[in-house]
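See below for the structure under consideration.
The values are calculated or read from the model by the stated rules, or taken from the named source; none is laboratory data. Quick caveat: nothing in here was measured; it's all calculated off a predicted structure. With ideal geometry, Cβ positions are generated from the backbone for all residues, glycine too; neighbour counts draw on all protein chains shown. The area values use the complete protein model at the heavy-atom level, side chains included, leaving out ligands, DNA and RNA. Shrake-Rupley method; radii C 1.70, N 1.55, O 1.52, S 1.80 Å.
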Amino acid sequence: LSQMALRTNKYRFKAAVTGSCMLLILAVSAASALPVNRVLPLLAAFGFSILGDAFLSFREGREGYYLYGILSFFCAHALYLAYAFANPVHPLPAMVLLLSLLLPYSVYYRRRLVPHIDGLPMKVAMYAYLVISCVTFSFVATTDTSLPERILLTAGIALILFSDSCIGENDFGGNHAMAGWILPTYYLSHILLTASVFVAASVFPAAPGT
């Protein structure tokens, strides 16, 4: 599906990649007795990602769709954060990591992207999204879970952050060479996040009859 999405750039294949990840998560939950409510934030995050993809895919000639897409992805990150908080977190290391990430990203945003962004609402929305992206990465990277699960979660969120950086460079920074990295890293991020559920499910007993 990801190959079809990359080759055709059609929304239905883009949505199918994330949708298939959602189905896999549900299947793993059912097969392992991993509580569905444990993975609901991740499923909802993928749902908002599909919605955000729709706004960005069909934004041509429609004012506001880019902003709606950003808001959808903002909700997705809030849900990724909620999913991370299902495990204990370490606030101090998370805050140190957050500051080390957010400060240079803020400078980059102000100097590189802001001059090319039209309108205050878009500037505010994009910076708010930048902040929650950094917050999500920082807390996911320092959550108290198994090392394999944490590596997969952190890599997944890192790839989303990288993909979004490529979007910023392509759409506002004028660096169109980054466009080719946007979708591959985005799809891979969802695959890694889904793989983390397989690891999380390994600590739960198999469901009766499986």
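Can you work out ³J(HN,Hα) from phi for every residue in segment 65-74, in order, using Karplus 6.51 cos²θ - 1.76 cosθ + 1.60 and θ = phi - 60°, giving whole Hz and x for Gly and Pro?
5, 4, 5, 4, x, 4, 5, 5, 5, 4
Using alpha-carbon pairs under 8 Å, 6+ residues apart, how would you state the relative contact order of the chain in percent?
Relative contact order for the chain comes out at 25 percent.
May I ask for the angle, rounded to the nearest 10°, between helix 179-201 and the longest principal axis of the chain, with both axes built from Cα atoms and the value confined to 0 to 90°?
20 degrees
Just the number please: accessible area per residue for segment 1-136, 1.4 Å probe, all protein chains included, in Å².
With the other protein chains kept in place, segment 1-136 gives 53 Å² per residue.
Translational diffusion coefficient, Stokes-Einstein: compute it for segment 99-210 using the Kirkwood radius over C-alpha pairs as Rh, at 4 °C and 1.567 mPa s, and state it as an integer in µm² s⁻¹.
Result for D is 83 µm²/s.
Working from the alpha-carbon coordinates of the chain, get Rg over Rh, Rh being the Kirkwood radius.
Reported Rg/Rh (Cα atoms, Kirkwood Rh): 0.98.
Over the Cα atoms of segment 34-119, each weighted equally, I'd like the Debye log10 I(q)/I(0) at q = 0.11, 0.23, 0.25, 0.26 Å⁻¹, rounded to two decimals.
After summing over all Cα pairs, the log10 values are -0.46, -1.09, -1.11, -1.12.
For segment 113-210, calculate the relative contact order in percent as a whole number, restricting contacts to Cα pairs under 8 Å that are 6 or more residues apart.
Answer for segment 113-210 is 28 percent.
Relative to the longest principal axis of the C-alpha atoms of the chain, give the angle of the C-alpha long axis of helix 91-108, reported between 0 and 90° and rounded to the nearest 10°.
The angle comes out near 30 degrees.
Count charges around Thr18 for me, please; just the other residues with Cβ under 12 Å from its Cβ, Lys/Arg as +1, Asp/Glu as -1.
For residues surrounding Thr18, the net value is +1.
Excluding Val140 itself, calculate the net charge of residues whose Cβ lies under 12 Å from the Cβ of Val140, where each Lys or Arg counts +1 and each Asp or Glu counts -1.
-1
Measure out, as a whole number of angstrom, how far apart the alpha-carbon centroids of segment 156-201 and segment 46-86 sit.
Value for the Cα centre distance between the two parts: 14 Å.
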